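> Take a look at the following structure, please.
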Amino acid sequence: MTDSLFSMDGDFAPLAELAELAERYDAMLMVDEAHATGVFGRLGRGVCEESGVERGVHIRVGTLSKALGSMGGFVAGSAALIDWLVNRARSYIFSTAPPEALAAAALKALDVVLGDPHRRTLLRQRAAMLRAGLQRQGWNTGRSNSQIVPVILGDPQRTMDFSRALQDHGLFVPGIRPPAVPPGECLLRISLSYLHSDEDVQRLLDALAQQADRPPG
Ligand SMILES: Cc1ncc(COP(=O)(O)O)c(C=O)c1O
């Protein structure tokens, strides 16, 4: 069981290798595409599509709450699995169904994902521009290769101070501390969307350049 795109570091699981292992050992592979739906893949189906492993993945889950801008989530799998979940998943049976307005919003968003692929191309280009700019300034962006770009600072106090300073510039970049990340790996979590402009990215880079001069702690 794995995320396809990891939520804090913005890096990818080795899906092809995992699918091969699952096949070799007759195991099922479940992938959470929460951060990849609508962003990766030719049709926006996620990293499983992008890396050509859809057939080797038995269960795919995702959320409607990120790129799709609604709420709720989905499980995709075999008819037998879905039938079993519909009948046995307590959280499904005993919770009120999501309001239809949310379902309608998600359906509309799927139309946008399918009809407007240039949005994900542009988002990924902007993220690459942001990563390059950060790296030029000497920040550690880890293994990020997506629209989630960490600035790994390590120290919790420094991370929260930076986050607050960015907020003073009108930039919402949450500081992430344990247990969301391992101790010593505190980070600023930059999450770009299609709606961010090149100017927004530059504003963030300028604000971070000022922070670079701040003494630690
Ligand atoms: C990997 C992953 N899966 C699932 C979720 C849950 O999505 P939701 O908030 O829509 O329940 C999140 C995040 O919030 C996530 O990061």
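> Identify all residues within the stretch 55-66 that are closer than 19 Å to Leu85 by Cβ and either modelled with pLDDT under 95 or in a loop (DSSP other than H, G, I, E, B) (or both); write none if there are none.
Keep residues of the stretch 55-66 that are closer than 19 Å to Leu85 by Cβ, which gives 57-64.
Val57, His58, Leu64, listed by residue number.
> Would you confirm, using the coordinates I've provided, whether Gly38 is within 10 Å of the ligand (Cβ to nearest atom) and on the phi > 0 side of the Ramachandran plot?
no
One line per residue, one yes/no per condition, for (1) aromatic (Phe, Trp, Tyr); (2) out of contact with any helix residue (DSSP H, G or I) (no Cβ under 7 Å at 6 or more places or on another chain):
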residue	(1), (2)
Leu85	no, no
Phe94	yes, yes
Ala97	no, yes
Ala105	no, yes
Ala109	no, yes
Gly115	no, yes
Arg126	no, no
Met129	no, no
Ala132	no, yes
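> Give just the number: which of (1) surrounded by 12 or more Cβ atoms within 10 Å (Cβ to Cβ); (2) farther than 16 Å from Asp11 by Cα does Thr96 not satisfy?
Condition (1) is where Thr96 drops out.
> Scan the stretch 158-196 residue by residue and report those that are among the hydroxyl-bearing types (Ser, Thr, Tyr) and in contact (Cβ under 8 Å) with a residue 60 or more places away in the chain.
Residues satisfying the conditions are Ser193, Tyr194.
> Could you grab me the full set of residues in the stretch 1-27 that are within 16 Å of the ligand (Cβ to nearest atom) and among the hydrophobic types (A, V, I, L, M, F, W, C)?
Of everything in the stretch 1-27, those that are within 16 Å of the ligand (Cβ to nearest atom) and among the hydrophobic types (A, V, I, L, M, F, W, C) turn out to be Met1, Leu5, Phe6, Met8, Phe12, Ala13, Leu15, Leu18.
> Looking at the stretch 55-68 only, could you name the residues that are more than 11 Å from the ligand (Cβ to nearest atom), of a type outside the set (Val, Ile, Thr) and surrounded by fewer than 21 Cβ atoms within 10 Å (Cβ to Cβ)?
Arg55, Gly56, His58
> May I pose another question? Considering the stretch 110-132 alone, what residues qualify as being of a type in the set (Lys, Arg) and free of Cβ contacts under 8 Å to residues at least 40 places away in the same chain?
Listed by number, the list holds a single entry, Arg131.
> Right, something else. For Val31, work out the one condition from (1) assigned to a loop (DSSP other than H, G, I, E, B); (2) within 19 Å of the chain's Cα centre (by Cα); (3) β-branched (Val, Ile, Thr) it doesn't fulfil.
(1)
> Has the stretch 93-109 got at least one residue that is part of a helix (DSSP H, G or I), of a type in the set (Val, Ile, Thr) and either at positive phi or without any contact (Cβ under 8 Å) to a residue 24 or more places away in the chain (or both)?
Yes; the residues of the stretch 93-109 include at least one that is part of a helix (DSSP H, G or I), of a type in the set (Val, Ile, Thr) and either at positive phi or without any contact (Cβ under 8 Å) to a residue 24 or more places away in the chain (or both).
> Can Gly52 be described as surrounded by fewer than 17 Cβ atoms within 10 Å (Cβ to Cβ), more than 16 Å from the ligand (Cβ to nearest atom) and at positive phi? Walk me through it before giving the result.
Working: surrounded by fewer than 17 Cβ atoms within 10 Å (Cβ to Cβ): yes; more than 16 Å from the ligand (Cβ to nearest atom): yes; at positive phi: yes.
Yes.
> With Gly69, Gly44, Gly52, Gly10 as the choices, which residue is in contact with a strand residue (DSSP E or B) (Cβ under 9 Å, 6 or more places away or on another chain) and in a loop (DSSP other than H, G, I, E, B)?
Values: Gly69 fails: in contact with a strand residue (DSSP E or B) (Cβ under 9 Å, 6 or more places away or on another chain); Gly44 fails: in contact with a strand residue (DSSP E or B) (Cβ under 9 Å, 6 or more places away or on another chain); Gly52 fails: in contact with a strand residue (DSSP E or B) (Cβ under 9 Å, 6 or more places away or on another chain).
Within the list Gly69, Gly44, Gly52, Gly10, the selection yields Gly10.
> Are any of the residues in the stretch 28-35 out of contact with any His (no Cβ under 7 Å at 6 or more places or on another chain), within 16 Å of the ligand (Cβ to nearest atom) and among the acidic types (Asp, Glu)? Before you say what the answer is, go through the steps one by one.
Within the stretch 28-35, the subset out of contact with any His (no Cβ under 7 Å at 6 or more places or on another chain) is 31-35.
Now narrow it down to the ones that are within 16 Å of the ligand (Cβ to nearest atom): 31-35.
Okay, now just the ones that are also among the acidic types (Asp, Glu), so 32-33.
Within the stretch 28-35 (the criterion being out of contact with any His (no Cβ under 7 Å at 6 or more places or on another chain), within 16 Å of the ligand (Cβ to nearest atom) and among the acidic types (Asp, Glu)), the answer is yes, since at least one residue qualifies.
The values are calculated or read from the model by the stated rules, or taken from the named source; none is laboratory data. No experiment lies behind these values; they were computed from the predicted model shown. For neighbour counting, all protein chains shown are included, and Cβ atoms are generated from backbone atoms with ideal geometry for every residue, glycine included.
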